[in-house]
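Structure record follows, encoded as structure tokens.
The values are calculated or read from the model by the stated rules, or taken from the named source; none is laboratory data. Being a predicted model, the structure only gives us computed values, none of them experimental. Cβ: placed from backbone, ideal geometry, glycine included. Neighbour counts: every protein chain shown. In case anyone asks, the SASA skips ligands and DNA or RNA and just uses the protein heavy atoms, side chains included. Shrake-Rupley method; radii C 1.70, N 1.55, O 1.52, S 1.80 Å.
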Amino acid sequence: MEEEEGKLKSFLKWAGGIGISDTPLNEMRSSSCLGHSLCVSHFPDAGGRGLAAVRDLRKGDVVLRVPKSALMTRESLMKDDTLSLAVNKHHISLSSTQILTVCLLYEVGKGKSSWWYSYLMQLPRSYDTLACFGQFEIQALQVNDAIWAAEKATLKAESEWKEAISLMEELDLKHHLLTFRAWLWASGSISSRTLHIPWDDAGCLCPVGDLFNYAAPGEEAFNSEDAFVESSSWRNASSLQVNFSWNWEITEQYVVEQSDTNLLRLIDGGYEDDVSAYCFYARRNYKKGEQVALHICVSSAGHTGINLVLLSYGTYTNLELLEHYGFLLNKNLNDKAFIPLEPEIYSSCSWPKDALYIHQDGKPSFSLLSALRLWLTPPTQRRSVGHLVYSGSQLSAHNEIIVMRWITKNCEAILKNFVTSIKEDELVIHTIDVMQDFCASRELGNFPSAFEGEARAFLENKGQINGESGVKLLQSRQIRRCMDRWKLAVQWRLGYKRTLADCISYCTKALGELSSDNDSIISIHNST
């Protein structure tokens with residue numbers, strides 16, 4: 001722990017030396033980049049390490065400034081003549097993101113001689129994005145669309161790696177940096193951690209800026225088994241693990257007072273030409289000791305004593321978050337569940353396919369309800385009711401009942417066809433937690449000799465691949481990473497199933513109300 005803190009202190013000092021600061025421009029900076037507005041602290045109820053306010057902060061205050069020279073971009077990395085010459089030969093056939101990925105691996109290959117060494121040591125040593133999932137974890141998603149997305153992500157990453165391999169070989173990268181595993185690490189760093197900059201669509205890596213979203217429940221010292229890096233200059237380095245990594249394309253706006261120039265900002269952070277720096281701002285007032293964290297748009301409710309600065313990431317579903325960032329959210333208002341639909345449903349309406357879904361709370365989307373109302377109307381009558389359908393109106397109680405029954409029947413059929421039920425998935429997650437607790441405590445003497453079901457299949461699958469079993473298998477860091485991804489897969493499919501179950505409840509309630517209204521109408525009619 002003391003070694004970890006020493007390395008972090010050294011990193012912050014390095015960052016301060018290159019101009020990264022939480023101090024206003026007109027005030028003298030300390031040797032560390034933090035201390036005036038922020039400090040690194042630990043928040044056990046909000047993910048682990050993070051940045052806390054060391055004084056009361058006002059909405060609109062600059063809380064961190066990272067100069068352009070400190071940003072890791074293609075431009076800054078390609079000041080290396082060898083790298084620049086090689087990239088210029090291949091730039092036509094590679095995307096900007098592929099080039100930045102190669103640049104990152106090239107910089108890693110320099111080891112301690114890299115100017116960025118202190119920062120590179122802070123990057124996580126592995127990611128949990130879909131492209132990193134093994135075949136067992138992919139199949140554990142159970143839903144065909146999710147399995148296809150994971151397989152597609154892996155194939156895409158492999159294709160991009162093969163396209164870039166000739167450039168990496170020309171740069172004479174060490175063997176372990178040429179591997180697909182190394183590429184997954186580097187591309188994962190770029191995909192999940194880059195910030196938007198106006199002059200390069202590949203984005204940039206921002207030292208210290210990514211501590212805002214730092215969430216590490218457990219930090220592990222680097223081990224060659226857990227990553228592709230094997231050179232002696234990296235082998236004993238600390239690894240400040242992060243669970244959540246973000247692509248900081250900031251879109252959400254907030255209302256500001258026109259009279260206060262400090263509040264005339266639409267985002268939490270962005271690159272500013274007038275100061276040649278990436279600047280981060282407090283979106284609200286903070287009290288001393290509070291966590292200042294840039295997170296996805298999720299309510300701070302439920303975080304005891306912790307209030308989070310919110311950052312918009314558009315409308316990512318949990319599957320998309322898992323694909324690009326390697327995490328998911330228990331309550332994600334943007335999450336969607338897609339169910340198989342008849343081809344005629346798509347052809348009978350003008351709604352795009354990705355608009356026909358069920359919200360996370362179980363409510364069918366406006367477009368899905370409209371499409372089903374139209375499809376379940378006799379073909380000869382569709383033209384006459386089309387204007388009502390697209391306005392969102394119910395066509396009739398009878399039509400609405402048919403719609404609700406159709407959704408209920410199909411959701412029930414989907415849930416029935418899964419290999420595991422909601423309760424069984426909850427038990428699998430509990431079993432994974434038990435297995436992880438054994439790993440974390442290292443008290444493996446009471447390790448269950450025979451896990452059942454999916455847990456047993458996991459151990460057998462990984463044991464066959466690695467030639468290990470039981471306790472020895474769980475002591476492998478690589479296997480524990482697989483276990484983390486397996487858990488994410490189970491959590492995702494459980495969320496999908498809960499959404500379908502909630503949809504059944506929603507439709508059942510709607511059917512009850514429709515039946516009640518219909519009975520009332522009949523009663524009134526009979527009385528007259």
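Going by accessible area, probe 1.4 Å, with all protein chains left in place, what is the ranking of Asp502, Asp274, Asp437, largest first? Walk me through the numbers on the way to the answer.
Details: Asp502 70, Asp274 130, Asp437 100 Å².
The ranking, largest first, comes out as Asp274, Asp437, Asp502.
Could you report the accessible area of Thr315 in Å², rounded to 10, computed with a 1.4 Å probe on the protein chains as they sit in the structure?
Roughly 90 Å² of Thr315 is accessible to a 1.4 Å probe.
Taking a probe of 1.4 angstrom, what is the accessible area of Asp354 in Å², to the nearest 10?
Around 100 Å² of this residue is reachable by solvent.
Report, as a whole number in µm² per second, the diffusion coefficient that Stokes-Einstein gives for the range 69-133 at 25 °C and 0.890 mPa s using the Kirkwood radius over alpha carbon pairs. Walk me through the intermediate numbers first.
On the way: Rh = 13.0 Å.
After rounding, the answer is 189 µm²/s.
If we count every other residue with Cβ under 14 angstrom of Phe133's Cβ, Lys/Arg +1 and Asp/Glu -1, where does the sum land?
Values: positive: Lys152, Lys156, Arg181, Lys462, Arg481, Arg485, Lys487, Arg493; negative: Asp128, Glu137, Glu151, Glu158, Glu323, Asp484.
The answer is +2.
Each residue of the range 393-409 in turn: what ³J(HN,Hα) in whole Hz from Karplus with 6.51, -1.76, 1.60 and θ = phi - 60°, glycine and Pro shown as x?
7, 6, 7, 5, 5, 5, 4, 5, 5, 4, 4, 5, 5, 5, 5, 4, 4
Any lysines with Cα under 20 Å of the Lys9 Cα? List them, leaving off those in the same chain fewer than 8 positions away.
Lys112
Taking H as built 1.01 Å from N, whose amide H comes closer than 5 Å to the amide H of Thr420, not counting residues under 5 places away?
Under 5 Å from the amide H of Thr420: no residue qualifies.
Can you pull the accessible area of Val275 for me, 1.4 Å probe, Å² to the nearest 10?
50 Å²
For the range 315-464, what are the per-bin percents of Cα-Cα distances with bins 10 Å wide, up to the bin holding the maximum?
All Cα pairs considered, the percentages come to 9, 27, 26, 18, 11, 7, 2, 0.
Per Stokes-Einstein, at 4 °C and 1.567 mPa s, what whole-number D in µm² s⁻¹ belongs to the range 156-215, with the Kirkwood radius over Cα pairs as the hydrodynamic radius? Can you show the working numbers first?
Details: Rh = 13.1 Å.
Rounded, D is 99 µm²/s.
In what sequence, largest accessible area first, do Trp183, Trp148, Trp115 appear using a 1.4 Å probe? Each step should come with its number before you reach the end.
On the way: Trp183 0, Trp148 155, Trp115 125 Å².
If we order Trp183, Trp148, Trp115 from most to least accessible, we get Trp148, Trp115, Trp183.
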